[in-house]
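The values are calculated or read from the model by the stated rules, or taken from the named source; none is laboratory data. Small disclaimer: the values here were computed from a predicted structure and weren't measured. Here the Cβ positions follow ideal geometry from the backbone for every residue, glycine too, while neighbour counts run over all protein chains shown. Just the protein is used for accessible areas: all its heavy atoms, side chains included, with ligands, DNA and RNA removed. Shrake-Rupley method; radii C 1.70, N 1.55, O 1.52, S 1.80 Å.
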Amino acid sequence: RELISWKHLMNNYFMALILSLGLKQSTVGISLLYSLVFGYETEDVVLSPMTKSQSPSEFWGRQWNVAVHLGLKNGVFKPIRYLTNSKLMGVLAAFVVSGIIHEYVNLVIFSRTGIEFKWKYMIFFGYNACLLFAEHVFGSIEIVQNIVSKLPKPLITALVLCTALPVAHLFTGDWIAHGYFDAVMYAEPTILCRSL
């Protein structure tokens, strides 16, 4: 019940938004530096996942961290799809590998904080793989397509985000607990909301 409370959803939305903006800001900075030093134009890594995603697959595939998406697509999804002749197995494998990578990265980032491996990122990415599977199954149903075609795009984006927000704390919880967002506060304008 708490997972769908408006406070939980809004907390998770703002944490995901700050994470998205931080990722965008840092990759734009690195891209600018790379362009200045080497003279090459780079691709955007983060587009507008929190404001323009029209489906879970668009969120993960074309909006959020495109560089990681391409790596997982070419290094995991395509080979597994080829070996199994199953798109579903390719998607599941890509999300499992993403979960493993995130578990490892966060153990390294927060190694001095006493963080323990608790499968949170695996659960988060597994849940999102299930959302993509549900989109694949139900998105092709004519009545669903009719309803979606009549909805305003901002509402579709809000609904897409609401599918993942109940479990977003599994991704951002350690980042909050171990001070990531406290550090981000010095690089980005941040609004703090405190209970009265």
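Just a few scattered comments:
- Contact order relative to length of the stretch 15-72, as percent, for alpha carbon pairs under 8 angstrom and 6 or more apart: 29 percent
- For the stretch 41-196, the Stokes-Einstein estimate of translational diffusion at 20 °C and a viscosity of 1.002 mPa s comes to 123 µm²/s, using the Kirkwood hydrodynamic radius over alpha-carbon pairs.
- Of the cross-linked pairs LYS73/LYS150; LYS7/LYS118; LYS120/LYS153; LYS78/LYS120; LYS73/LYS120, those separated by over 29 Å at the C-alpha level are LYS73/LYS150; LYS120/LYS153.
- Helical segments meeting 18 Å axial Cα length and Kyte-Doolittle -0.5 threshold in the chain (DSSP H): 6-38, 87-109, 120-138
- Charges were assigned to the Cβ only: +1 to each Lys and Arg, -1 to each Asp and Glu. The resulting dipole of the stretch 1-64 about its Cα centre is roughly 300 debye.
- Whole-number accessible area per residue in Å² for the stretch 1-52, which is evaluated in the context of all protein chains at 1.4 Å: 74 Å²
- Helix-only CD estimate at 222 nm, as mean residue ellipticity for the chain, using -39500 (n - 2.57) per DSSP H run (n ≥ 4): -20500 deg cm²/dmol
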